[in-house]
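Some notes on the structure that comes next.
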């Protein structure tokens, strides 16, 4: 393993603006085998997790980022004068859910799923960069097609879209909540 590999990766994660993927690390560390990079990342994550420090490395949106432990969140927010995440309306959450579970999807398909017009909610989600337009569907009128973004994954603390709960899991959660 390359000397100081963990420290180099630590520096790369620290300086990266977006979650740093293993693939991006490999682009930078061209002479280092991918298994060595993956091992160094695992060791870094373990080292931060096992310490009692305020900082940790977490995996989100397919990459790695530094994060403060949740217990320190109120203090960090106060210092930075950051407001709590802007809450999405029920309509926007329904629309976002339709996009997440049925992507790629058109506005007409989303509206059919929800049973109401979704124009305003789509506009809100586009403004918040939680969804994006990825092209046009080969259908009459060539409607726009929507998908979720990396920001969606980060916002909800997901590593990939596959981390969304399945329909069965959602039904089970809803049943538990109603009992």
Seminar exercise, completed: Where a ≥ b ≥ c are root eigenvalues of the Cα gyration tensor, a/c under 1.5 meaning rounded, otherwise prolate if a/b exceeds b/c and oblate otherwise, region 60-128 counts as prolate
Problem set entry | residue 97 versus residue 129: modelled label distance in nm, points set 7 Å from Cα along the beta carbon direction | 2.6
Exercise. To the nearest 10 degrees, how steep is helix 90-102 against the longest Cα principal axis of the chain, on a 0 to 90 scale?
Worked result: 80
Exercise. In nm, to one decimal, how far is the modelled label at residue 79 from the one at residue 160, with both set 7 Å along Cα→Cβ?
Worked result: 3.5
Problem set entry | Cα-based helix-to-principal-axis angle, 5-15 vs the chain, degrees rounded to 10 | 40
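Using just the helices of the chain, give the 222 nm mean residue ellipticity in deg cm²/dmol: DSSP H runs with n ≥ 4 each add -39,500 (n - 2.57), and the total is spread over all residues, rounded to 500. It would help to have the intermediate numbers written out before the result.
Working: 9 runs with 91 residues, N = 179.
Helices in the chain give a 222 nm mean residue ellipticity of -15000 deg cm²/dmol.
Could you tell me the relative contact order of the chain? Use alpha-carbon pairs under 8 Å, at least six residues apart, and round to a whole percent. List each step's numbers first, then the result.
Numbers: 190 pairs, mean separation 30.3, N = 179.
The value is 17 percent.
Given Cα pairs under 8 Å that are at least 6 residues apart, what percent is the relative contact order of region 5-80?
Details: 74 pairs, mean separation 23.9, N = 76.
It rounds to 31 percent for region 5-80.
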Problem set entry | Residues 132, 172 arranged by fewest to most Cβ contacts within 10 Å | 172, 132
For this session: Label region 1-65 by shape, choosing from rounded, prolate and oblate, from the square roots a ≥ b ≥ c of the eigenvalues of the Cα gyration tensor; if a/c is under 1.5 it is rounded, and otherwise prolate applies when a/b is larger than b/c, oblate when it is not.
Result: oblate
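Which FRET efficiency value, to the nearest 0.05, do you get for residue 11 and residue 50 by plugging their Cβ-Cβ distance into 1/(1 + (r/R0)^6) with R0 = 25 Å? Spell out each step's value before the answer.
Working: r = 20 Å, r/R0 = 0.81.
Efficiency at R0 = 25 Å is approximately 0.80.
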Seminar exercise, completed: P(r) over all Cα-Cα pairs of region 90-178, 5 Å bins from 0 to the longest distance, whole percent per bin, short to long, reads 3, 14, 23, 23, 19, 11, 5, 1, 0
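If R₀ is 25 angstrom, what is the calculated FRET efficiency for the pair residue 67 and residue 26, using the beta carbon separation as r and rounding to 0.05?
On the way: r = 23 Å, r/R0 = 0.91.
The calculated FRET efficiency here is 0.65.
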Exercise. Could you give the radius of gyration (one decimal) and Dmax (whole number) of the Cα atoms in the chain, in Å?
Worked result: 19.9, 59
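Each value in this text was obtained by applying a stated rule to the coordinates, not by laboratory testing. Since the model is a prediction, treat every value here as computed from it, not as a measurement. All Cβ positions, glycine included, derive from the backbone under ideal geometry; neighbour counts span all protein chains shown.
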